[in-house]
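Taking it in order: structure first as structure tokens, then the write-up.
Just so you know, all these numbers are worked out from the coordinates, no wet-lab data involved. This is a predicted model, so every value here is computed, not measured. Note that we place each Cβ from the backbone using ideal geometry, even for glycine, and neighbour counts take in every protein chain shown.
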Amino acid sequence: MTNYYEKEFETMPRAILERLQLERLQTLAGYVYEKCDFYRKKMDESGIKPADIKRLSDLKKLPFTTKQDLRDNYPYGMFSASMSDIVRVHASSGTTGKLTVAGYTQNDIDIWSTVMARSLAAGGCSRSSIINVAYGYGLFTGGLGAHYGSEQLGALTIPASSGNTKRQLQMFKDFKVTTLCCTPSYALYLADEMEKEGYKISDFNLEQGLFGAEPWSEEMRLQIQDKLGLKAYNIYGLSEIIGPGVSMECECQCGSHIWEDHFLPEIIDPETLEPLGYGKQGELVFTTISKTGMPLIRYRTRDLCSLIDEPCKCGRTHVCMTRIIGRSDDMLIIGGVNVFPSQIESALFTMKEIEPHYQIIVDRVNNLDKIEIQVEIKDELFSDEVKNLQNLKSQLEKNVSSAISIGVKIHFVSRGTIERSQGKAVRVIDKRRI
Ligand code: ADP
Ligand code: ZN
């Protein structure tokens, strides 16, 4: 049976959901026009007034918002609410540059807690879950986002944060943790330590994990499930929109439901900025239609994915998005060919000998781009015949090369060589930029 948190909203018939979205969009357009100088100016420049939003499709008349706009208006210039109504700020982890700030009113914190509670419920959690939040606490939205959602759901919440891994494993066992929330790379790190410390899956009560904050592949999911003995779910979000809980997989795991009564999604062509239809891959764009602190209109996430035009078996009516294949700004251009680290990851992990730790090193030698991938393999393979190791290497080089349409060199390293991450992993070292 499907486990909902707010069944009425999660299963709302499309026609009613769309009416609610339109009402909220109209209110939002009026609100930001009145409260936020940035949006009033932008809307005036494009000759649009709040009253011009008559149907949902009028969304495309509104201007886009970019990460650069947030930077230009650092720190508080994008807020619509008055400063005395802002109760919290977060800032993006700055993976791709200077900090961007997000401000929340109490209304926004409540919405966030609710969408996170929905997300936890979609992953099978309930009041009787014991949830270990191992996302970092602080300016990064992962920790506090999951924390408030877990409490809102009524579950037992352990504010572990990331790090102190041995103690976390002890808590898994002693506190009978059922649910793990962290980045997929930290989940693998925990799995490594678990093995080193001599724990077995049966020492724990883990049922599910909600993993996100960085791209990860289907193949990585299988590795995590296998090593930790839980069902691994994909959760997505970004601080500019609210934090984790913008979208979440349900038990069907055929994409992640976007909580559409709060976040209006679009997919656009990042070059022409034209909206694309269902099934077409492009840049994900969100309009927050219920937030009051720092609502954003048509925010360009730079994350690439597509929307799925099929009703989900779980009964939720909110549209699903596919996995993020990468950000438009972590796409590598190697010898003129576009490559996403996630394509490499999928090709690597189809072979069972490979450990789920890798690093991509790009360099330019004599004006030619070269790509080398360091991959960890199981230790026993090093004592194997050289011939077998060579075969494995060439097979892997073939698999990856054909997945990305350019030649790669694989370099095997022993377990533990590649630096582990307790937050977001750094997969690519691009020496051309150094
Ligand atoms: P940043 O990493 O830009 O400093 P955030 O900490 O807010 O900012 O992270 C949000 C970004 O993390 C998203 O825009 C997306 O690129 C990535 N992300 C979050 N969840 C997922 C996920 N489940 N799959 C892939 N990428 C994700
Ligand atoms: Zn579903």
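Annotations for the structure displayed:
- Qualifying trypsin sites (Lys or Arg not before Pro) in region 351-434, DSSP loop, other Cβ atoms within 10 Å at most 11: 352
- When the trypsin sites (Lys or Arg not before Pro) in region 46-124 are filtered for DSSP coil states and for at most 16 other beta-carbon atoms within 10 Å of their beta-carbon, the remaining sites are 54, 55, 98.
- Histogram of C-alpha separations across region 332-430, 10 Å bin width, %: 15, 49, 30, 6
- Our estimate of slack between residue 176 and residue 397, defined as 0.36 nm per intervening residue step minus the Cα-Cα distance, is 75.3 nm.
- Label point 7 Å beyond Cα of residue 389 along Cβ direction - residues of region 402-430 with amide nitrogen under 11 Å: 412-414
- When the GluC sites (Glu not before Pro) in region 357-425 are filtered for DSSP coil states and for at most 10 other beta-carbon atoms within 10 Å of their beta-carbon, the remaining sites are 385, 419.
- Computed magnitude of the charge dipole of region 1-328 (debye, nearest 20; Cβ of K, R +1, Cβ of D, E -1): 280 debye
- Entry note, the chain: the mean residue ellipticity at 222 nm calculated from DSSP H runs of n ≥ 4, each adding -39500 (n - 2.57), is -9500 deg cm²/dmol after division by the residues and rounding to the nearest 500.
- Antiparallel bridge percentage (DSSP; both residues within the chain; nearest 5): 65 percent
- Reciprocal of mean inverse Cα separation for region 311-377 (Kirkwood radius, Å): 14.6 Å
- Rg over Rh, two decimals, the chain (C-alpha only, Kirkwood Rh): 0.98
- With coordinates expressed along the principal axes, the C-alpha atoms belonging to region 88-185 extend over 39, 29, 19 Å, beginning with the largest.
- Tilt relative to the chain, helix 386-404 - C-alpha long axis, 0 to 90 degrees, to 10: 20 degrees
- With the convex hull drawn over the C-alpha atoms of region 1-124, the volume per residue is 137 Å³.
- Using the empirical formula 2.2 N^0.38 Å as the baseline, the Cα radius of gyration of region 183-322 reaches a ratio of 1.18.
- Rounded to 10°, Cα long-axis angle of helix 184-196 versus longest principal axis of the chain: 40 degrees
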